[in-house]
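Taken together, the values in this text are just the output of simple stated rules run on the coordinates, not laboratory data. Just so it is clear, the model here is predicted, and its values are computed rather than measured. Cβ: placed from backbone, ideal geometry, glycine included. Neighbour counts: every protein chain shown.
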Amino acid sequence: MSMDLTQVKIETGRLLLVPVSTEYTEQLFSGYREPVIQYMNHGPAESLEVLKERILQKEKDTKDGLQLPLVVLNKETKEFLGSFVLEDLDGRTPEMGGWLKESALGNHYGQEATAALKNWADENLDFDYIIWPCVATNVPSRKLAESLGGRVEKEYEKKTARGKVWPYVEYWISKKL
């Protein structure tokens with residue numbers, strides 16, 4: 001069963017999470033940079049045009065219910081803060097991850113966004129558990145997974161798409177019954 005997720009809107013006390021669209025190409029392009037992405041699997045897009053093509057594909061996947069890539073906005077000012085995603089929605093173990101731009105760090109936006117996204121998943125998706133993979137030394141990412149009740153179920157080395165080998169931990173986050 002696939003569902004069109006393009007109309008999903010998740011609100012929290014301070015944040016608004018809406019599906020990624022080409023409207024946010026420039027903010028995504030400028031925000032997804034070092035040091036924010038030092039542990040990320042993929043590097044930044046080579047150009048705005050390349051990123052726009054990727055976003056168009058994400059929009060299609062969102063319409064087809066395969067993934068839910070969201071931009072995180074300040075609810076009051078609509079300032080772009082970052083992006084979180086639920087991927088692999090056609091299986092029993094979707095994957096969650098994301099990032100915040102450097103100037104948005106330290107405000108607990110990540111915790112607020114991921115808690116809201118997890119709550120949305122619990123209410124709208126049929127899954128066994130959510131996978132949250134992250135580099136073992138990425139403490140902020142680990143804290144986010146743990147704040148959602150995640151437990152380390154696997155440890156392994158992974159070569160990222162950028163060619164860097166990192167020790168990874170994989171958290172499994174149970175569905176709230």
- [ ] Work out from phi, with θ = phi - 60° and the Karplus expression 6.51 cos²θ - 1.76 cosθ + 1.60, the ³J(HN,Hα) of each residue of region 111-127, listed in order in whole Hz, and give x for Gly and Pro.
- [x] 5, 5, 5, 5, 4, 5, 5, 5, 4, 4, 4, 4, 7, 10, 10, 9, 8
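Expressed as cubic angstrom per residue, what is the convex hull volume of the alpha carbon set of the chain?
Cα convex hull per residue, to the nearest whole number: 113 Å³.
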Open item on the list: From the phi angles alone, apply the Karplus equation (6.51, -1.76, 1.60; θ = phi - 60°) to region 73-88 and give each ³J(HN,Hα) in whole Hz, x where the residue is Gly or Pro.
Closed with: 10, 5, 4, 7, 9, 6, 4, 6, 10, x, 8, 10, 9, 10, 10, 6
Open item on the list: Can you tell me, using C-alpha contacts under 8 Å and at least 6 residues apart, the relative contact order of region 53-117 as a whole percent?
Closed with: 22
- [ ] Go through region 35-49 residue by residue and turn each phi into a ³J(HN,Hα) via Karplus (6.51, -1.76, 1.60, θ = phi - 60°); whole Hz please, and just put x for glycine and proline.
- [x] x, 4, 9, 3, 9, 6, 5, 9, x, x, 4, 5, 7, 4, 5
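Quick one: Cα convex hull volume of region 69-154, Å³ per residue?
Working: hull volume 8.5 nm³, N = 86.
Expressed per residue, the convex hull around the Cα atoms of region 69-154 is 99 Å³.
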Task: Cβ-Cβ FRET estimate between R92 and V152, R0 fixed at 25 Å, reported to 0.05 - done: 0.80
Open item on the list: Taking the alpha-carbon distance from K52 and a cut-off under 22 Å, which lysines remain once sequence neighbours fewer than 8 residues away in the same chain are dropped?
Closed with: K9, K60, K63, K78, K101
Task: Residue-count net charge about Q67 - beta-carbon cut-off 11 Å; Lys, Arg +1, Asp, Glu -1 - done: -4
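Treat the count of other C-beta atoms within 10 Å as a stand-in for reagent exposure and order S47, S174 from fewest to most. Could the numbers behind the result be given before it?
Numbers: S47 10, S174 14.
Ordered by Cβ neighbours within 10 Å, fewest first: S47, S174.
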